[in-house]
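Quick notes on the structure that follows.
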Ligand code: DON
């Protein structure tokens, strides 16, 4: 009962600006729900909820299962951000389980003698791997928020790893794309390929070493992964094949509890990932710029033009200022302020695209040159979790230290190798995101809560640099009253400051809109493949309904109970 009151008061005063209508808000969702990108992961969460676990218990089970059934996307060798709302204490937390640069890392470690990035060095093999954060997150969330033993929460994942499961088409596509890389590491090839060849759909992937590693975590907690025999195995093979991890790097790893960033747009409160994810700041900054215009009063082409211009400016700030705030001074308060957005919006013309060059404080150098996962849980107490977890590119670094079953991330590529030079997502940045020992690389992962008179939305997606624009489009749709299925399916468009192009999926613009945007000076580039794999939960106060939706681009699965 106490929680009912707390949530009710919170919604009344913080979210909605108190008036009598709020008395009508349901205080608890009528149903619990899990949504994730894989049916086995959703089922793992569902089973825990059915056994009386809370949203946090379920989230640990889902996360661990994703590590097993989507080894190409996330896992024990990677990291992520856990956005948490704890109904009991009415508090928010962003558990930062981002990877960390090893102590021996240096700002120029991926550059040749001429000072240019060496292709592949920051993306392939153990030198591209940061110290993983996900194992520590699983243990911490279970301990701090969960109500079940962590062994119980990891059980389904352990079984799936040892008994195996049939791989799906997404696995095959990813493995084909990374076939050469996987073949370069005999341990990765042994586990993920069928006699060194591409497996067929339905091939049973068994990961007994990963099952052992998960069991060690179940038994010994954080020490099970970051200390002892497993840590030694990890370090030994990383070093043998050119990496720079040490036992101390692993022992020193810790998750960080951070306050999420918050903002308001037309009566909706936004709660999203804080640094070292750029997601929340860049997303809220985009909304703040848009709030300088009455979006609804413009025709669809101009609305899209304004969204592109807002993204251009918000990603410009990302490139200029954002990095791990434990290492660099980031003007977060200013970047999130309405005054700053007002100033940014002054250079926006309704009829003409701005050239990104005109915003730039430095001339970016010309350079020649997926898969993460998101899931969400809500329980009937109102606890919420939104998690985006990743090993960066498909199959990460492609490297598995022998006998561990742990596929390592290649998240070091999210750092800036050299100011102005693009990373794998064609993002640029400054020394704010330069490599330094113990520093966390800037991310775009944006687990988000939206709260308004309508209710609550819990959302996020993979997609590298495009995550933030996807979350922005979804949030705008939700604020317009869109239902879950429409929001996740909507064709997307994206601008990230550099390259100065609007990337779009087929159907994102009508012919007339495309023409109007081109006339304003936008360069439109169709993308070959669709992108994103958004998972959302919507709790609507009207009728107290809970809806889940899984991106049709993936093969997610959702359940409402
Ligand atoms: O943290 C980031 O921003 C990226 N490493 C996320 C990677 C990702 O979303 C890959 N999915 N397509």
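The values are calculated or read from the model by the stated rules, or taken from the named source; none is laboratory data. Bear in mind that the values here come from a model prediction, so they are computed numbers and not experimental data. Neighbour counts are summed over all protein chains in view; Cβ atoms, including those assigned to glycine, are modelled from backbone coordinates with ideal geometry.
Taking only region 256-280 into account, find how many residues are within 16 Å of the ligand (Cβ to nearest atom), part of a strand (DSSP E or B) and out of contact with any helix residue (DSSP H, G or I) (no Cβ under 7 Å at 6 or more places or on another chain).
Residues that pass the stated criteria total 3.
Among 244, 270, 256, which is the only one that is in contact with a strand residue (DSSP E or B) (Cβ under 8 Å, 6 or more places away or on another chain) and either farther than 30 Å from residue 342 by Cα or surrounded by fewer than 21 Cβ atoms within 10 Å (Cβ to Cβ) (or both)?
Criteria check complete, one pass: 256.
Considering only region 141-166, how many residues are crowded, with 23+ Cβ neighbours inside 10 Å and within 23 Å of the chain's Cα centre (by Cα)?
6
Out of curiosity, is residue 470 within 16 Å of the ligand (Cβ to nearest atom), modelled with pLDDT of 95 or more, buried (at least 24 other Cβ atoms within 10 Å of the Cβ) and part of a loop (DSSP other than H, G, I, E, B)?
Answer is no for this residue.
Restricting the search to region 273-312, which residues are in contact with a strand residue (DSSP E or B) (Cβ under 7 Å, 6 or more places away or on another chain) and under 14 Å from residue 447 (Cα atoms)?
273, 274, 276, 277, 278, 279, 280, 281, 283, 284
Determine which member of the set 558, 547 is buried (at least 19 other Cβ atoms within 10 Å of the Cβ), modelled with pLDDT of 95 or more and outside any loop (DSSP other than H, G, I, E, B).
547
Taking residue 459 as meeting all but one of (1) modelled with pLDDT of 95 or more; (2) more than 10 Å from the ligand (Cβ to nearest atom); (3) closer than 15 Å to residue 321 by Cα, write down the number of the exception.
(3)
Condition test on residue 454, is it at pLDDT 95 or above and more than 14 Å from residue 128 (Cα to Cα)?
Against the criterion (at pLDDT 95 or above and more than 14 Å from residue 128 (Cα to Cα)), residue 454 qualifies.
Could you please give the count of residues in region 408-422 that are touching a helix residue (DSSP H, G or I) at 6+ places or on another chain (Cβ under 7 Å) and either near the ligand (Cβ under 9 Å from one of its atoms) or more than 22 Å from residue 277 (Cβ to Cβ) (or both)?
Kept after step one, since they are touching a helix residue (DSSP H, G or I) at 6+ places or on another chain (Cβ under 7 Å), are these residues of region 408-422: 408, 410, 412-413, 415-416, 419.
Now restrict to residues that are either near the ligand (Cβ under 9 Å from one of its atoms) or more than 22 Å from residue 277 (Cβ to Cβ) (or both): 410, 413.
Selection size over region 408-422: 2.
Being over 30 Å from residue 254 (Cα atoms) and either within 16 Å of the ligand (Cβ to nearest atom) or touching a helix residue (DSSP H, G or I) at 6+ places or on another chain (Cβ under 8 Å) (or both): is that true of residue 442 here?
Values: over 30 Å from residue 254 (Cα atoms): no; either within 16 Å of the ligand (Cβ to nearest atom) or touching a helix residue (DSSP H, G or I) at 6+ places or on another chain (Cβ under 8 Å) (or both): yes.
In short, no.
Which ranges mark the helices (runs of 4 or more DSSP H) fully within region 32-146 that have 2 or more residues being within 16 Å of the ligand (Cβ to nearest atom) and in contact with a strand residue (DSSP E or B) (Cβ under 9 Å, 6 or more places away or on another chain)?
55-69, 134-145
Conditions (1) farther than 18 Å from residue 296 by Cα; (2) assigned to a loop (DSSP other than H, G, I, E, B); (3) at pLDDT 95 or above, marked per residue:
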residue	(1), (2), (3)
475	no, no, yes
478	no, no, yes
485	yes, no, yes
496	yes, yes, yes
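Look through region 445-454, keep the residues that are away from the ligand (no atom under 11 Å from the Cβ) and part of a loop (DSSP other than H, G, I, E, B), and return whichever of them is surrounded by the most Cβ atoms within 10 Å (Cβ to Cβ).
In this case the residue turns out to be 447.
Please enumerate the residues belonging to region 184-197 that are loosely packed, with under 14 Cβ neighbours inside 10 Å and either within 30 Å of residue 149 (Cα to Cα) or touching a helix residue (DSSP H, G or I) at 6+ places or on another chain (Cβ under 8 Å) (or both).
Of everything in region 184-197, just one residue is loosely packed, with under 14 Cβ neighbours inside 10 Å and either within 30 Å of residue 149 (Cα to Cα) or touching a helix residue (DSSP H, G or I) at 6+ places or on another chain (Cβ under 8 Å) (or both), namely 196.
What are the residues in region 384-407 that are within 15 Å of the ligand (Cβ to nearest atom) and not in a loop (DSSP other than H, G, I, E, B), if any?
Passing the criteria: 386, 387, 388, 389, 390.
Would you please name the residue that is nearest to the chain's Cα centre (by Cα), looking only at residues in region 167-183 that are loosely packed, with under 14 Cβ neighbours inside 10 Å and modelled with pLDDT of 95 or more?
Filtering region 167-183 for residues that are loosely packed, with under 14 Cβ neighbours inside 10 Å and modelled with pLDDT of 95 or more, the one nearest to the chain's Cα centre (by Cα) comes out as 176.
Please verify whether region 201-208 includes one or more residues that are modelled with pLDDT under 95, surrounded by fewer than 21 Cβ atoms within 10 Å (Cβ to Cβ) and outside any helix (DSSP H, G or I).
For region 201-208, residues modelled with pLDDT under 95, surrounded by fewer than 21 Cβ atoms within 10 Å (Cβ to Cβ) and outside any helix (DSSP H, G or I): present.
Looking at region 363-374, is at least one residue modelled with pLDDT of 95 or more and surrounded by fewer than 24 Cβ atoms within 10 Å (Cβ to Cβ)?
There is no residue in region 363-374 that is modelled with pLDDT of 95 or more and surrounded by fewer than 24 Cβ atoms within 10 Å (Cβ to Cβ).
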